[in-house]
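Peer 1: Pasting a structure here, questions to come.
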Amino acid sequence: MAEDGEEKLLATVQHIVQTLGRTDTMTEDILKVFSNYDGRLSLDKLYATRAAAAAVGGAAGERSVPASPPMPPPPVAPSAAAAMPPVTSLERTVRTLDRQISQFVTMDRLIWADSADADAFLEAVDDLVGTVQELDAAGTNRGLLDRADELLSRCMARLEDEFRALIERPDDAAPQVPGGFGSDESEEEDYDADDGFGDEPIPIARPVSDFDIVIDALPPGSVSDVHQIARRMVDAGFGRECAEAYAAARRGFIDESVARLGIRSRTADEVHSLLWEELEFDIARWIPAFKMVFRILIPSERRLCDRVFEGLAPYGDLAFVAAVRTQALQLISFGDAVAAASRAPERLFRVIDMYEAVRDLLPDLDPVFSDPYSAALRSEVSAVCNTLGSSIKGIFMELENLIRRDPARVAVPGGGIHPITRYVMNYLRAACGSRQTLEEVMEGDLGAVGTAAIAVDPDRPTSSLAVHIAWIMDVLHKNLETKSKIYRDPPLASIFLMNNGKYIIHKVNDSELGVLLGDEWMKQMMSRVRRWSMEYQRGAWAKVISVLQTGGPGVGSITVKSMLQKMQMFNSYLEEICTVQSDWVIADEQLRADVKSAIVDSVMPAYRGLIGRLRSSPEAARDLFIKYTPEDVQARIQHLFEGVAK
């Protein structure tokens with residue numbers, strides 16, 4: 001009886017389906033309703049009954065209906081029942097998968113919040129992908145294939161949502177750890193749990209001592225989950241969509257990380273219009289940010305991509321480039337803008353810092369940007385390194401132009417050291433603190449930057465840098481000679497050149513400049529200083545020494561009257577020199593002592609000889625008045641070149 005009743009029930013359902021199911025979709029929906037309503041009406045039984053009805057024709061279908069239903073349904077034309085095709089196994093598979101998958105894609109929570117749901121969903125996706133491939137290979141049921149494709153698209157859309165959620169909010173899908181915070185026994189040593197207050201343990205951060213690290217952006221469990229999703233999306237032909245979803249999910253994190261480093265996006269025009277103080281501040285922030293992004297952030301992103309898309313090339317490479325490209329290019333474009341900005345000499349040192357930051361990172365970027373898709377980024381970094389190197393060379397050229405353009409308008413009081421000399425020598429001395437980098441740049445081998453450092457030969461004054469600095473020194477020397485012509489008093493012009501020449505020698509001897517310029521250059525410079533000293537002595541003291549000449553005793557000796565006149569002339573010349581030169585200065589102590597000593601050696605013997613001759617003459621000794629004793633004269637000479645009137 002039970003079996004007979006079940007048969008009647010199935011026949012009635014079949015009749016209703018034949019009557020109302022005018023399309024395949026309507027038929028399937030009706031079958032789903034009945035299968036959900038009564039456990040005896042499984043889909044398999046309903047499909048089997050429907051197939052049997054189609055086989056025997058419309059008449060057999062009518063005879064299976066109960067004899068006296070409350071309201072007998074209207075008869076169905078035999079032709080309509082006979083036209084109903086049999087249900088294939090692929091149709092049943094698609095419908096079963098549709099029912100299973102629909103339960104998951106309509107969930108209002110993360111599927112991966114429950115590992116059992118996640119496994120079941122992935123299994124259904126695998127079955128659906130296999131079914132689509134089978135239908136596509138058969139090519140006989142385009143309608144069913146389209147329906148399966150539509151279902152697959154719904155799966156991929158939900159997988160993409162889950163994928164992004166697991167990347168952006170991995171904690172939302174993480175299983176709860178029993179025991180709460182600090183349950184990992186391996187970290188117990190980092191907590192002071194026994195503090196006597198019964199509070200939750202407080203984590204203690206370890207100090208960071210190594211910045212050459214790679215960060216795991218996601219916990220291992222989340223990485224495994226997103227990898228499983230990525231594999232399904234790639235298998236289904238949605239690899240590019242998966243890569244784009246990854247990039248979109250990670251790009252926000254990268255943008256925020258760079259923003260936290262204090263970096264703001266600036267156009268090239270904005271960079272060029274900034275005051276140097278503002279730009280210098282931006283550069284000071286850019287250098288550590290560049291190191292952080294390219295040494296830690298981007299390698300960490302590469303590692304995460306490789307794990308998420310393991311065995312799924314090239315989508316991991318596409319995802320990696322799409323995730324990091326924007327911020328990488330932002331940092332690179334700032335370097336390009338600085339390199340193309342004003343080449344004022346004061347910018348050299350910051351540009352060198354930028355160049356060194358980029359150069360030192362280049363070798364480490366090769367494994368990170370090794371694939372064809374990211375190789376362009378590696379080229380961009382290399383290009384900005386070359387651009388910064390060219391900027392350094394250009395700044396040195398601008399230093400030459402600055403020296404040439406420095407006008408000879410106002411003489412330095414007392415023939416002292418000119419500001420341009422101090423500026424250039426201190427500038428070059430400071431620049432030599434980055435001699436290795438400057439040698440590298442001046443050699444022009446920027447294409448090999450990052451492969452091997454250029455060896456610096458300490459005995460090589462003919463390197464490109466040495467030649468360039470020697471040229472700058474020559475330009476400075478010519479500029480100083482032009483400025484010396486401002487002085488109306490030639491001896492003061494000689495003092496000016498002496499002071500500046502000696503200052504240059506001191507700065508060269510006390511730095512790497514001495515190695516670069518070499519001994520021969522140094523000898524030439526010292527010879528110039530000696531020549532200027534002699535020119536000063538001849539110009540300032542020649543007439544004094546000449547007036548003291550009295551000739552030898554005997555034939556040709558001058559008269560007492562002439563000697564007395566010479567004494568008066570000497571007094572006058574000495575007073576004039578001391579008055580005029582009272583504010584002249586020789587800055588270098590040793591040079592000042594040497595010049596004074598040379599004057600004393602030239603003047604004092606002749607002066608003492610004149611006084612001796614006068615004192616030995618009876619005619620002159622009686623009324624002889626000596627205004628300045630030899631000691632007085634020597635004292636007045638010793639007071640010269642102090643820069644203060646005595």
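The values are calculated or read from the model by the stated rules, or taken from the named source; none is laboratory data. The shown structure was predicted, so the numbers you read here are calculated from the model rather than taken from an experiment. As a convention, Cβ positions derive from the backbone with ideal geometry for all residues, glycine included, and neighbour counts pool all protein chains shown. Areas reflect the complete protein model, heavy atoms only, side chains present, ligands, DNA and RNA absent. Shrake-Rupley method; radii C 1.70, N 1.55, O 1.52, S 1.80 Å.
Peer 1: Rank these residues by their accessible area, most exposed first, probe 1.4 Å: 350, 169.
Peer 2: Ranked from most to least accessible, the order is 169, 350.
Peer 1: Leaving out ligands, DNA and RNA, and with a 1.4 Å probe, what % of the accessible surface on the range 241-396 is carbon or sulfur?
Peer 2: Solvent-exposed carbon and sulfur of the range 241-396 make up 51 percent of the total.
Peer 1: Would you mind calculating the gained length between residue 471 and residue 558 on full extension (0.36 nm times residue separation, minus the Cα-Cα distance), in nm to one decimal?
Peer 2: Length difference between fully extended and current span is 25.8 nm.
Peer 1: According to a simple spin-label model (label point 7 Å from Cα along Cα-to-Cβ), what is the distance in nm between residue 157 and residue 141?
Peer 2: Roughly 2.4 nm, to one decimal.
Peer 1: Right, here's the next one. Just the accessible area for residue 626, please: 1.4 Å probe, Å², rounded to the nearest 10?
Peer 2: The value for residue 626 is about 30 Å².
Peer 1: How much of residue 240 can a 1.4 Å solvent probe reach, expressed as accessible area in Å² and rounded to 10?
Peer 2: Taking all protein chains as shown, residue 240 has close to 130 Å².
Peer 1: Residue 278 label point, 7 Å along Cα→Cβ, cut-off 18 Å on backbone N: hits in the range 230-271?
Peer 2: Only 262-271 pass the distance filter.
Peer 1: Here's something else I'd like to know. How much area per residue is accessible in the range 241-396 when the probe is 1.4 Å and only protein heavy atoms are counted (Å²)?
Peer 2: 40
Peer 1: R0 = 41 Å: FRET efficiency of residue 330 with residue 524, Cβ-based, nearest 0.05?
Peer 2: Efficiency computed from Cβ-Cβ geometry: 0.20.
Peer 1: So which of 393/507; 502/566; 483/523; 393/502; 502/543 end up more than 25 Å apart, counting from Cα to Cα?
Peer 2: 502/566; 393/502; 502/543
Peer 1: For the range 543-639, with all protein chains present and a 1.4 Å probe, just round the carbon and sulfur fraction of the accessible area to a whole percent.
Peer 2: Within the range 543-639, the accessible surface is 52 percent carbon and sulfur.
Peer 1: For the range 101-168, report the accessible area per residue in Å² (1.4 Å probe, heavy atoms, rounded to an integer).
Peer 2: 48
Peer 1: Here's another thing I want to ask about it. With a point put 7 Å past each Cα toward its Cβ, work out how far residue 608 is from residue 346 in nm, to one decimal.
Peer 2: Between residue 608 and residue 346, the simple spin-label model gives 5.5 nm.
Peer 1: Between residue 379 and residue 126, what FRET efficiency comes out of the Förster formula 1/(1 + (r/R0)^6) with R0 = 30 Å and r the beta carbon distance, rounded to 0.05?
Peer 2: The pair residue 126/residue 379 has a calculated efficiency of 0.15.
Peer 1: Can you sort 532, 276 by solvent-accessible area, 1.4 Å probe, largest first?
Peer 2: In descending accessible area the options line up as 276, 532.
Peer 1: Going from most exposed to least, what order do 371, 474, 594 have by accessible area with a 1.4 Å probe?
Peer 2: Correct descending sequence by accessible area is 594, 474, 371.
Peer 1: Between residue 306 and residue 429, take the C-beta separation as r, use R0 = 51 Å, and let me know the FRET efficiency to the nearest 0.05.
Peer 2: E(calc), rounded to 0.05, equals 0.60.
Peer 1: Quick check: pseudo-label points 7 Å beyond the Cα along Cα→Cβ at residue 102 and residue 371, how many nm apart are they?
Peer 2: 3.8
Peer 1: What figure, in Å² to the nearest 10, do you get for the accessible area of residue 468 with a 1.4 Å probe and non-protein molecules left out?
Peer 2: 40
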